[in-house]
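K.L.:
A single structure is presented below for examination.
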Amino acid sequence: MATGKKGKPTYFNAIMGVALVLFLMGVLGWLVINGRTLTRAFKEDLEVNVDFHDNVSDENVAKMRAILDKQAFVRKSRVITKDEAAAMQSQIEGSNIVEFLGYNPLFASISLKLREGYVNTDSLQKIKKFILQSNVVRDVTWPNMVVDQMHSNFRKIGIVLASITVVLLIVVIFLIDNTVRLAMFSDRFLIKTMQMVGATQSFITRPFDLRALVNGLTSGVIAVFGLWMVMSFAKAQLPVLDMLNDPSLLALLIAGMILLGIIISMVSTHRSVVKYLKMHVDDLY
């Protein structure tokens, strides 16, 4: 291992360089997570209306709601009575439709909010077919255009973000690998000297691998701290971001950042040590 003042700045720079690259990866990951959470929020906020025939009793409506609540695709349900439907419609139109027509033309209904995975045209059609098996249900409706546009737009955004993530991941691996190998360059004579005095390859590589683990861990922690500062600042400016948090995905991102720093640092360091062990002394100059 390199010692003395000359080796320390080299490894400090390597740690900070790796941390910066991991930080950039973390910021992108956080944006992807927020986009994923926002997509789920939009989809799960979509309403599917189950309209009943005019003569259906409140008891049958309640029974139908109980059946729907047990289905895997239902996240939340709400009964809208004829009177509530009339009041909502009157508020939209700005006049009392019951007084205008002399009767209530609307129907009792159940408003469903579905789980994210079921908010697509194919699943909605199957859900509609399932619900229409009941003879008390008049129709099942949802905003078709909104669903189609939502699915198309989110799909395009997902492809773009996935492409950017893959490209950045490749760049991250390349930059970290080169940063670590550059830091190891200053230790090439020490590595060769240890080999020349009879040290085995495993004896030589072990301390470098251990230091790479510590350096990678340090870089990951620094990157996570930087990401936390950015997240805190962003949430202070836009409090709504706090609602988009997915703790499990965020924990996975943090673990991935630290693990990526450790793995690439150790692999790059080990490769560099082995490379210098195989080189002739004259080639080190």
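The values are calculated or read from the model by the stated rules, or taken from the named source; none is laboratory data. Owing to the predicted nature of the structure, the values given are computational and were not obtained by experimental measurement. Virtual Cβ from ideal backbone geometry, glycine too; neighbours counted across all protein chains shown.
K.L.:
Looking at (1) assigned to a helix (DSSP H, G or I); (2) surrounded by fewer than 17 Cβ atoms within 10 Å (Cβ to Cβ); (3) at pLDDT 85 or above, which is the one condition that is false for LYS76?
P.N.:
Unmet for LYS76, out of (1) assigned to a helix (DSSP H, G or I); (2) surrounded by fewer than 17 Cβ atoms within 10 Å (Cβ to Cβ); (3) at pLDDT 85 or above: (1).
K.L.:
Moving on to the next point. List pairs: first residue in the stretch 209-221 and in the same structural domain as VAL267 (by TED's automatic domain parsing), second residue of a type in the set (Phe, Trp, Tyr) anywhere in the structure, Cβ distance under 8 angstrom, at least six positions apart or on different chains.
P.N.:
ARG211/TYR11; ASN215/TYR11
K.L.:
Just to be sure I understand the filter: pairs with C-beta atoms under 9 Å, separated by 6 or more residues or on different chains, first member in the stretch 191-204 and more than 18 Å from THR269 (Cβ to Cβ), second member hydrophobic (A, V, I, L, M, F, W, C). Which pairs pass?
P.N.:
If the second residue must be hydrophobic (A, V, I, L, M, F, W, C), the pairs left are MET196/VAL281.
K.L.:
Where residues in the stretch 148-161 are at pLDDT 80 or above and among the hydrophobic types (A, V, I, L, M, F, W, C), which of them is nearest to GLU116 (Cα to Cα)?
P.N.:
ILE159
Rundown of residues vs (1) modelled with pLDDT under 85; (2) part of a helix (DSSP H, G or I); (3) among the β-branched types (Val, Ile, Thr); (4) outside the structural domain of GLY220 (by TED's automatic domain parsing), yes/no style:
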residue: LYS8; (1), (2), (3), (4): yes, yes, no, no
residue: ILE15; (1), (2), (3), (4): yes, yes, yes, no
residue: VAL18; (1), (2), (3), (4): yes, yes, yes, no
residue: PHE23; (1), (2), (3), (4): no, yes, no, no
residue: GLY26; (1), (2), (3), (4): no, yes, no, no
residue: GLY29; (1), (2), (3), (4): no, yes, no, no
residue: ILE33; (1), (2), (3), (4): yes, yes, yes, no
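K.L.:
Could you tell me which numbered condition ASN13 fails, if it satisfies all but one of (1) within 30 Å of MET145 (Cβ to Cβ); (2) more than 26 Å from the chain's Cα centre (by Cα); (3) surrounded by fewer than 17 Cβ atoms within 10 Å (Cβ to Cβ)?
P.N.:
(1)
K.L.:
What number goes with the only condition from (1) among the polar types (S, T, N, Q); (2) in contact with a Lys or Arg (Cβ under 9 Å, 6 or more places away or on another chain); (3) exposed (fewer than 12 other Cβ atoms within 10 Å of the Cβ) that THR141 does not pass?
P.N.:
Looking at each condition in turn, THR141 falls short on (3).
K.L.:
Determine if the stretch 94-103 includes at least one residue that is within 23 Å of HIS53 (Cβ to Cβ), at pLDDT below 75 and not in a helix (DSSP H, G or I).
P.N.:
Yes; the residues of the stretch 94-103 include at least one that is within 23 Å of HIS53 (Cβ to Cβ), at pLDDT below 75 and not in a helix (DSSP H, G or I).
Every residue, every condition in (1) touching a residue at least 12 places away in the same chain (Cβ under 8 Å); (2) over 24 Å from LEU259 (Cα atoms); (3) not assigned by TED's automatic domain parsing to the domain that holds LYS63, yes or no:
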{"site": "VAL137", "(1), (2), (3)": "yes, yes, no"}
{"site": "PHE154", "(1), (2), (3)": "yes, yes, yes"}
{"site": "ILE157", "(1), (2), (3)": "yes, yes, yes"}
{"site": "LEU161", "(1), (2), (3)": "yes, no, yes"}
{"site": "VAL166", "(1), (2), (3)": "no, no, yes"}
{"site": "LEU169", "(1), (2), (3)": "yes, no, yes"}
{"site": "ILE173", "(1), (2), (3)": "yes, no, yes"}
{"site": "ASP177", "(1), (2), (3)": "yes, no, yes"}
{"site": "VAL180", "(1), (2), (3)": "yes, no, yes"}
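K.L.:
Would you mind listing the helices (runs of 4 or more DSSP H) fully within the stretch 116-234 where at least 1 residues are within 19 Å of the chain's Cα centre (by Cα)?
P.N.:
By residue number, 144-185.
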